[in-house]
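Supplied in structure tokens, the structure appears directly below.
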Amino acid sequence: MHQSLLQTIWPDVASALLAADVELVCDPPTLSALTTSPATTTTTTTATTTLPPRVRLAQPIDYTTEHLALTLAVRTVPSLGAAIAHINEHGSHHTDCIVAESAEAASTFVRGVDSAGVFVNASTRFADGFRYGFGAEVGISTGRIHARGPVGLEGLVTYKYVLRSKGEQGHIVGEFGREDGKKQYTHQPIHVDELPL
């Protein structure tokens, strides 16, 4: 949550999430904004503060936990760059989304977040192999090479190329750049006395 939205948009968003039975795990600034907002009138009292139901103070582990429930860990950030850094450090690299009006911010987010799926103003529930047109989803990969994101059957197979000549004496490949006017290889011997690293 961008810090500029704490007193304006955040209380209304939090109220809608709470109405949908989402548990909010908040850092101190987002928590403070909820305890002072009329949009999230409190009903639960602790010794130190009054909190709305299904709202609690976040612990560091909450930002690296896949909750597998209607639980949202909320953290305040001063900039888009800080949000991207937080996601890249603590996220699962599966699917991340930005809710933004600025096309420039959306573009920066999409290019900066290192996840298999990066969405703009759309539900992360779209991250599904069937929805991507892969047929039945057989897995998920957050790796960076080969299949990434939802994996269908094609993502599990590798290719083998087979070539068979039908020429009586077979076929050979012409030498690269032997003719005049063609590009030539520029092979040069490399002499190394010590390793570069």
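Yes/no matrix, rows are residues, columns are (1) open to solvent by 80 Å² or more (accessible area, probe 1.4 Å); (2) out of contact with any Phe, Trp or Tyr (no Cβ under 9 Å at 6 or more places or on another chain):
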residue: Asn88; (1), (2): no, yes
residue: Thr95; (1), (2): no, no
residue: Ala105; (1), (2): no, yes
residue: Val110; (1), (2): no, no
residue: Val120; (1), (2): no, no
residue: Ser123; (1), (2): no, yes
residue: Phe126; (1), (2): yes, no
residue: Ile145; (1), (2): yes, yes
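Being in contact (Cβ under 8 Å) with a residue 40 or more places away in the chain and touching a helix residue (DSSP H, G or I) at 6+ places or on another chain (Cβ under 9 Å) is the filter here, so list the residues in region 56-74 that pass it.
Result: Leu70, Thr71, Leu72, Ala73, Val74.
Also, I was wondering about something else. Right, Val99: open to solvent by less than 30 Å² (accessible area, probe 1.4 Å) and closer than 24 Å to Arg54 by Cα or not? Please lay out each step first, then the result.
Numbers: open to solvent by less than 30 Å² (accessible area, probe 1.4 Å): no; closer than 24 Å to Arg54 by Cα: yes.
It is false that Val99 is open to solvent by less than 30 Å² (accessible area, probe 1.4 Å) and closer than 24 Å to Arg54 by Cα.
The values are calculated or read from the model by the stated rules, or taken from the named source; none is laboratory data. These numbers were taken from a predicted model, which means no experiment stands behind them. Every residue, glycine among them, receives a Cβ derived from its backbone with ideal geometry; neighbour counts consider all protein chains shown. Heavy atoms of the whole protein, side chains included, go into the accessibility calculation; ligands, DNA and RNA do not. Shrake-Rupley method; radii C 1.70, N 1.55, O 1.52, S 1.80 Å.
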